[in-house]
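Visitor: Please see the structure below; I have some questions.
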Amino acid sequence: MATHKEPGVEDRPGPLKAAWRAMKAPVFIPASLVIFALIIFSVVFSSTAKNAFSNLNSVITSGIGWWYVLVITGFVVFALYCGFSRIGSIRLGRDLEKPEFGFWAWLAMLFSAGMGIGLVFYGVAEPLTHYVNPPPGLGIEGSTDDAANEALSITFFHWGLHAWAIYVVVGLGMAYMTYRRGRPLSVRWLLEPLIGRQRVEGWIGHTVDVVAIVGTLFGVATSLGFGITQIAAGLQFLGWITVNNWWIIGMITVITMIATASVVLGVDRGIKWLSNINMALAAGLTAFVLLLGPTLFLLQAWVQNLGNYVTFMPQLMLRTGPFTDGAWLGSWTIFYWGWWVSWAPFVGMFIARISRGRTIRQFVGGVLLAPTVIGTLWFTIFGDSAILRQRDQGDMLVEGAVDASTSLFRLLGGLPIGVITSVIAIFVIVFFFVTSSDSGSLVVDILSAGGELDPPKASRVYWCLLEGLAAAVLLVVGGAGSLTALQTASIATAAPFSLVMVAACVAMIRAFRYDLATTPQFLKVSSPAEYRAATTTDGEQGFSEISSTLVGLVAVHHVDVDTVKVHELTGELTVAEPVDPLGEALTDQHHNRS
């Protein structure tokens, strides 16, 4: 007797087979091969790789450093134009769609994935370094008042509007193409308005996605490696461990396992909650240093630092140093621009993934302005505290130089309950790396799956484990030289990707203008009776603040989409009326009071 079988049950693929079917072979296979090849090269030829990539970095600095300086400033202009022009009214989704995540959860996720770990690593080290060794081209002597003021201006410049504008370009374009125009969430689709769908789906699109995957994975892996060195240095600074390879492997394993669990749970349950917890810990640490440190001094410094940042930005944003050797610019500004561009596919795509339902104006305000303000607070509190400590006590340097791995712990050690706050700082570093790793793995998985928003869990695990494996192998076998080499390789991907970003800006402007020309605006039509004012004390009706020439005419005014509500059953639209902050209008009796 034949048994009844549910159709398709036996043919249902397992998790590995489902993951393989979801992968886009022309992207997944080349990206994996390039990643494994560069890891092997960096390990087997550690010293050679370090020199080779150092030479590559010098070539990039001297050859196209001017290009980086020019285009990054152009991205700031592009972001501000999109945010404050009519383009800002375009919604990243359907016209009446609401944001998928609340503002604070959204901000926490984009900030944690974007550069949260960098702020922890460089929050003390970079301002202190610029204070001790200011840029030679500016003619400022180190360890002076002028150097202290200039140090924070330079730091804000590297971590402020220019850095986040890079993420705006990629994130805004991908969110628009996916949630507004229905394209897959993939970098290649940024170019469709410029080169057409056929080329986007061909080898050009495959190449763009492969470059994005390689740059993203190497960026996350090298950051994980450098972060592990800071965590290990902090634990050793506290006298708890003696750093060796077993400790390094153990810490990488723990972080990778937490990140893997988070990326499997997804954005809602994993990444969102980890980001919220981490931002709460970081905010608590910042408040602690502010309140138990020189509070009034830091508040005064923040206001002045903002003014200095605005004042010096025109001087810094197009500076290429043609009459100097350019060594400082290559080590700092141009290095940062290349590093941010190499991270742009990862951070931009992740921000796009969590930004559905927001307007372009909200997107630009949240991605460009809010993190910049938060960054200025962070660097002022930690950086100026360290500079003041160095001026007063002179104990922030190690053999006359800044040790980036231990500078944060040296600062916290001089405050009350320094051991406890140092432990909290280590947790902040760990969670920032976890959020960077899990969001990076999700982004790489989406790219390798051709833009699928919910790729299989097995492939997410693959990319997450590959990041951890790369960091562990490079640190244990190749040492810091291999990490530096791999970091330079990641930055090298920024050169071709910067061209993709410029093309994306042109393509997006074309798409935005078409959208504005074809999308109807929401208007509310009101009859004159709706403008009748409240009954006066004499019982007569009158018109309030409406010209007599409008009597008998129809009034039309624009409506903010966020104030429109749709009835679930009937589809009827209702508009929430604005609340008058002055309350009810004054009557003639009130006006005539003496």
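Visitor: From the list Thr178, Thr155, exactly one residue is within 20 Å of the chain's Cα centre (by Cα) and either closer than 16 Å to Ala507 by Cβ or of a type in the set (A, V, I, L, M) (or both). Which is it?
Guide: Working: Thr155 fails: either closer than 16 Å to Ala507 by Cβ or of a type in the set (A, V, I, L, M) (or both).
So the residue among Thr178, Thr155 that is within 20 Å of the chain's Cα centre (by Cα) and either closer than 16 Å to Ala507 by Cβ or of a type in the set (A, V, I, L, M) (or both) is Thr178.
Visitor: What is the residue count in region 303-313 for residues that are open to solvent by 50 Å² or more (accessible area, probe 1.4 Å) and more than 23 Å from the chain's Cα centre (by Cα)? Break it down stepwise before answering.
Guide: First, pick out the residues of region 303-313 that are open to solvent by 50 Å² or more (accessible area, probe 1.4 Å): 303-304, 306, 310-312.
From what is left, the residues that are more than 23 Å from the chain's Cα centre (by Cα) are 303-304, 311-312.
Within region 303-313, residues that are open to solvent by 50 Å² or more (accessible area, probe 1.4 Å) and more than 23 Å from the chain's Cα centre (by Cα) number 4.
Visitor: If I filter region 287-301 for residues that are touching a helix residue (DSSP H, G or I) at 6+ places or on another chain (Cβ under 8 Å) and hydroxyl-bearing (Ser, Thr, Tyr), do I get at least one hit?
Guide: no
Visitor: Could you please let me know if Ile228 is buried (at least 22 other Cβ atoms within 10 Å of the Cβ), at pLDDT 80 or above and under 14 Å from Val434 (Cβ atoms)?
Guide: Numbers: buried (at least 22 other Cβ atoms within 10 Å of the Cβ): yes; at pLDDT 80 or above: yes; under 14 Å from Val434 (Cβ atoms): yes.
Here the answer is yes, as Ile228 does meet what is asked.
Visitor: What are the pairs with Cβ atoms under 7 angstrom where one residue, in region 304-327, is within 17 Å of Gly137 (Cβ to Cβ) and the other, located anywhere, is at pLDDT 90 or above and of a type in the set (S, T, N, Q)? Sequence gap at least six, or different chains.
Guide: Pairs found: Phe312/Ser153; Met317/Thr73; Leu318/Thr73.
Visitor: Being assigned to a helix (DSSP H, G or I) and surrounded by 24 or more Cβ atoms within 10 Å (Cβ to Cβ) narrows it down to one residue among Gly365, Gly375; which is it?
Guide: Numbers: Gly365 fails: surrounded by 24 or more Cβ atoms within 10 Å (Cβ to Cβ).
Checking each option against the conditions leaves just Gly375.
Visitor: Please go through region 379-407 and give me each residue that is touching a helix residue (DSSP H, G or I) at 6+ places or on another chain (Cβ under 6 Å), within 23 Å of Gly227 (Cβ to Cβ) and of a type in the set (A, V, I, L, M), ordered by number.
Guide: Ile381, Ala386, Met396, Val402, Ala404
Visitor: Going residue by residue through region 44-60, is there one that turns out to be in a helix (DSSP H, G or I), crowded, with 21+ Cβ neighbours inside 10 Å and modelled with pLDDT of 85 or more? Working first, answer last.
Guide: If we filter region 44-60 for residues that are in a helix (DSSP H, G or I), which is where we start, we get 44, 46-60.
Okay, now just the ones that are also crowded, with 21+ Cβ neighbours inside 10 Å, so 49-50, 53, 57, 60.
Checking which are modelled with pLDDT of 85 or more leaves us with none.
Scanning region 44-60 turns up no residue that is in a helix (DSSP H, G or I), crowded, with 21+ Cβ neighbours inside 10 Å and modelled with pLDDT of 85 or more.
Visitor: Can you tell me which of Phe36, Phe41 is closer than 29 Å to Ser459 by Cα, among the aromatic types (Phe, Trp, Tyr), surrounded by fewer than 21 Cβ atoms within 10 Å (Cβ to Cβ) and at pLDDT below 85?
Guide: Details: Phe36 fails: at pLDDT below 85.
Being closer than 29 Å to Ser459 by Cα, among the aromatic types (Phe, Trp, Tyr), surrounded by fewer than 21 Cβ atoms within 10 Å (Cβ to Cβ) and at pLDDT below 85 holds for just one of Phe36, Phe41, which is Phe41.
Visitor: Within region 378-397, track down each residue that is open to solvent by less than 40 Å² (accessible area, probe 1.4 Å) and either part of a loop (DSSP other than H, G, I, E, B) or among the aliphatic types (A, V, I, L, M) (or both). Reasoning before the result, please.
Guide: From region 378-397, those open to solvent by less than 40 Å² (accessible area, probe 1.4 Å) are 378-387, 389-390, 396; that's our starting set.
Ile381, Ala386, Ile387, Met396, listed by residue number.
Visitor: Do any residues in region 377-394 that are farther than 14 Å from Ala148 by Cβ have Cβ atoms under 7 Å from those of residues that are at pLDDT 95 or above and surrounded by 20 or more Cβ atoms within 10 Å (Cβ to Cβ), where the two are at least six apart or on different chains, and which pairs are they?
Guide: Ile381/Leu298
Visitor: Given the conditions (1) modelled with pLDDT of 60 or more; (2) over 14 Å from Ser89 (Cα atoms), which single one is not true for Glu545?
Guide: Of everything listed in (1) modelled with pLDDT of 60 or more; (2) over 14 Å from Ser89 (Cα atoms), Glu545 misses just condition (1).
Visitor: Let me ask something additional. Would it be correct to say that Val525 is at pLDDT 70 or above, open to solvent by 80 Å² or more (accessible area, probe 1.4 Å) and more than 37 Å from the chain's Cα centre (by Cα)? So that I can check it myself, show each step before the final result.
Guide: On the way: at pLDDT 70 or above: yes; open to solvent by 80 Å² or more (accessible area, probe 1.4 Å): yes; more than 37 Å from the chain's Cα centre (by Cα): yes.
Yes, satisfied.
Visitor: Being without any contact (Cβ under 8 Å) to a residue 60 or more places away in the chain and small (Gly, Ala, Ser) is the filter here, so list the residues in region 144-161 that pass it. First the steps, then the outcome.
Guide: Within region 144-161, the subset without any contact (Cβ under 8 Å) to a residue 60 or more places away in the chain is 144-147.
Ala147, the sole residue that qualifies.
Visitor: Tell me yes or no: at least one residue of region 196-209 is closer than 18 Å to Glu467 by Cα and either touching a His at 6+ places or on another chain (Cβ under 7 Å) or assigned to a helix (DSSP H, G or I) (or both). Steps first, answer last, please.
Guide: Within region 196-209, the subset closer than 18 Å to Glu467 by Cα is 209.
Now restrict to residues that are either touching a His at 6+ places or on another chain (Cβ under 7 Å) or assigned to a helix (DSSP H, G or I) (or both): 209.
Within region 196-209 (the criterion being closer than 18 Å to Glu467 by Cα and either touching a His at 6+ places or on another chain (Cβ under 7 Å) or assigned to a helix (DSSP H, G or I) (or both)), the answer is yes, since at least one residue qualifies.
Visitor: Right, something else. When only residues in region 163-195 that are outside any helix (DSSP H, G or I) and open to solvent by 10 Å² or more (accessible area, probe 1.4 Å) count, which is nearest to Gly83 (Cα to Cα)? Before the answer, list the steps.
Guide: Of region 163-195, the ones outside any helix (DSSP H, G or I) are 181-186.
Now narrow it down to the ones that are open to solvent by 10 Å² or more (accessible area, probe 1.4 Å): 181-184.
On the way: Arg181: 19, Gly182: 22, Arg183: 22, Pro184: 24 Å.
Filtering region 163-195 for residues that are outside any helix (DSSP H, G or I) and open to solvent by 10 Å² or more (accessible area, probe 1.4 Å), the one nearest to Gly83 (Cα to Cα) comes out as Arg181.
Visitor: Might you check whether a residue that is buried (at least 20 other Cβ atoms within 10 Å of the Cβ), in a loop (DSSP other than H, G, I, E, B) and among the hydrophobic types (A, V, I, L, M, F, W, C) occurs anywhere in region 324-347?
Guide: There is no residue in region 324-347 that is buried (at least 20 other Cβ atoms within 10 Å of the Cβ), in a loop (DSSP other than H, G, I, E, B) and among the hydrophobic types (A, V, I, L, M, F, W, C).
Visitor: Of the residues Val579, Val556, which single one is open to solvent by 100 Å² or more (accessible area, probe 1.4 Å), of a type in the set (A, V, I, L, M) and at pLDDT 70 or above?
Guide: On the way: Val556 fails: open to solvent by 100 Å² or more (accessible area, probe 1.4 Å).
On inspection, the qualifying residue turns out to be Val579.
Visitor: Please find, within region 411-464, the residue that is farthest from the chain's Cα centre (by Cα) out of those that are buried (at least 21 other Cβ atoms within 10 Å of the Cβ), of a type outside the set (Gly, Ala, Ser) and not in a helix (DSSP H, G or I).
Guide: Out of the qualifying residues, it is Pro456.
Visitor: Right, next: Looking for something in a helix (DSSP H, G or I), of a type outside the set (Phe, Trp, Tyr) and surrounded by fewer than 24 Cβ atoms within 10 Å (Cβ to Cβ) - is there at least one such residue anywhere in region 398-410?
Guide: Looking only at region 398-410, we keep the residues that are in a helix (DSSP H, G or I), and these are 407-410.
With the extra rule that they be of a type outside the set (Phe, Trp, Tyr), the set shrinks to 407-408, 410.
Now narrow it down to the ones that are surrounded by fewer than 24 Cβ atoms within 10 Å (Cβ to Cβ): 410.
Yes, because at least one residue in region 398-410 is in a helix (DSSP H, G or I), of a type outside the set (Phe, Trp, Tyr) and surrounded by fewer than 24 Cβ atoms within 10 Å (Cβ to Cβ).
The values are calculated or read from the model by the stated rules, or taken from the named source; none is laboratory data. Please read these numbers as outputs of a predicted model, since none were measured by experiment. Glycine also receives a Cβ, built like all others from the backbone with ideal geometry; neighbour counts cover every protein chain displayed. Just so you know, the surface numbers come from the protein's heavy atoms only, side chains and all, with ligands and any DNA or RNA stripped out. Shrake-Rupley method; radii C 1.70, N 1.55, O 1.52, S 1.80 Å.
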